[in-house]
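Engineer: The following block contains the structure, expressed as C-alpha cells.
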Amino acid sequence: METDVATRAAPLSRHVLFQSDDLDCARERVAQKFCNHRLDIIGDRRPFRAAHHHVRGDMISLNYISYGADVLIDPGELGHFYLIQIPVAGSATIRNGGKEFVTHQAAASVLNPHWATRMRWWQGCGQLLIQIRRTQFQAFAERLLERELPDAVSFDPEIDLTRPEMRAWRGFVDALFHAAEDETSPAAELTRALREQQLLEFFVEAQPGNLRPFLDGRCYAAAPRHVRRAEEFIRTHAADPVGLLDIAEAAGVNCRTLQLAYKAAYGFSPMHALQKERMRRVRYDLLQGDAATSVADTALKWGFSHLGRFSAAYRDEFGELPRQTLRCRAG
C-alpha cells in the first residue's frame with residue numbers, strides 16, 4: 001500500500017515522494033531517483049514501512065529515507081553520483097570500497113561512485129541523503145582547485161562528525177535542509193546554487209580524500225598576473241622537463257622579475273614551486289595507490305631521483321614519510 005501523506009516530524013516533510021509498506025514498490029521508487037539496487041528485508045521481518053522525501057537542486061538533490069525494518073541494500077557501484085548519508089535516527093553498517101564501518105548520529109558516510117557499496121540499515125534507521133552528480137562535481141572540484149584532475153575524486157568513506165570542522169559542516173547541512181522545506185520566495189531560487197556550492201566546497205576542504213595534496217598546496221595571496229600565469233604553466237607541465245627559463249617565458253617576464261615576484265608573494269622561488277607541485281603529484285598518486293604501488297617508482301616518475309632527500313622533503317612538506325601515506329591508503 002502506498003500513500004502520499006507527509007510525516008511532519010521527518011526532514012523535508014513537505015516534499016514526500018512516497019511512503020509504502022511494499023518492498024518492491026520502495027525498491028522501484030528509490031531506484032528512480034538513485035540507481036538499481038538490491039533491497040531485502042532481513043532479521044525478524046518487522047514492519048517494513050519505507051519513506052522517501054526528495055528535493056531536487058542544481059548540482060545536488062536533498063533526500064530523507066527511512067526503513068522500519070532491518071534491510072540489506074546492495075547497489076554495487078553507484079556510477080553517476082556520490083552519496084553523503086547522515087543518520088538522524090538509528091544506525092547503519094556501510095561498506096564502500098575496502099572499508100566497512102558503522103554510522104550513527106556522530107558518524108556519517110560518503111559513498112564514492114567508483115567503489116562498490118553494500119549496506120545494512122538497521123531497524124528504524126532514517127538518514128539525510130545528499131546526492132551529488134558525479135560529472136558536475138568533478139568539474140566543480142577542478143574549478144575549485146584550478147587544475148585538471150587525472151582521476152575521479154575519492155573520499156574516505158567514513159565521516160567523523162565529532163571533528164570541529166565537520167560539526168560546522170553538519171550545521172550547514174541542517175540549514176540547507178531547513179531552507180529546502182519551503183522555498184517559495186524569489187530569493188530562494190537565486191541563493192540555492194550558491195548554498196550548494198558552499199556546502200560542497202566546505203565538504204571538499206574538511207573531509208579527507210585524494211584532493212588533500214592540492215588543497216594543501218593552494219596559495220591564497222593576491223599574486224600578480226605573471227605569477228598566476230607561471231602557476232598555471234607549472235600545474236600543466238609538472239610532468240615535463242621544464243626549468244626556470246621555461247616558466248619565465250610562459251609568464252611573459254624575465255627570470256629575475258619572476259623570482260622576485262614569487263619571493264614577495266609566497267616566500268619561495270618558482271623552482272621551489274615546481275618541486276612542491278611535483279611533491280603534491282607524488283602524494284596524490286600514493287593516496288590513489290594499491291598494493292602494487294612503489295614509493296621509489298612514484299618518486300622517479302615525478303623527477304625525484306634521490307630517494308633519501310625526497311623522503312626528507314616529503315616529510316617536511318606533509319608531516320609524514322611517503323611510505324606512511326601509502327600504508328595509510330592500503331589500510
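Engineer: Name the pairs whose Cβ atoms lie under 7 Å apart, with the first residue in region 17-42 and assigned by TED's automatic domain parsing to the domain that holds residue 68 and without any contact (Cβ under 8 Å) to a residue 24 or more places away in the chain, the second part of a helix (DSSP H, G or I) and surrounded by fewer than 19 Cβ atoms within 10 Å (Cβ to Cβ), and 6 or more positions between them or separate chains?
Structural biologist: none
Engineer: Which count do you get for residues in region 86-108 that are assigned to a strand (DSSP E or B) and out of contact with any His (no Cβ under 7 Å at 6 or more places or on another chain)?
Structural biologist: Selection size over region 86-108: 16.
Engineer: On to the next question. Please list, ordered by first then second residue, the pairs with beta carbon atoms under 6 Å, 6 or more apart or interchain, first in region 79-95 and closer than 12 Å to residue 131 by Cα and assigned by TED's automatic domain parsing to the domain that holds residue 129, second assigned to a strand (DSSP E or B) and charged (D, E, K, R).
Structural biologist: Final answer for the pair search is 81/133.
Engineer: For region 122-135, state whether one or more residues are in contact with a Gly (Cβ under 7 Å, 6 or more places away or on another chain), aromatic (Phe, Trp, Tyr) and under 27 Å from residue 24 (Cα atoms).
Structural biologist: yes
Engineer: Restricting attention to region 216-237, which residues are modelled with pLDDT under 90, under 26 Å from the mean Cα position of the chain (by Cα) and not in a helix (DSSP H, G or I)?
Structural biologist: Passing the criteria: 217, 218, 219, 220, 221.
Engineer: Looking at region 102-135 only, could you name the residues that are among the basic types (Lys, Arg) and either within 20 Å of the chain's Cα centre (by Cα) or not assigned by TED's automatic domain parsing to the domain that holds residue 158 (or both)?
Structural biologist: 118, 133, 134, listed by residue number.
The values are calculated or read from the model by the stated rules, or taken from the named source; none is laboratory data. Keep in mind that what you see is a predicted model, and the values were worked out from it rather than measured. Note that each Cβ is placed from the backbone with ideal geometry, even for glycine, and that neighbours are counted across all protein chains shown.
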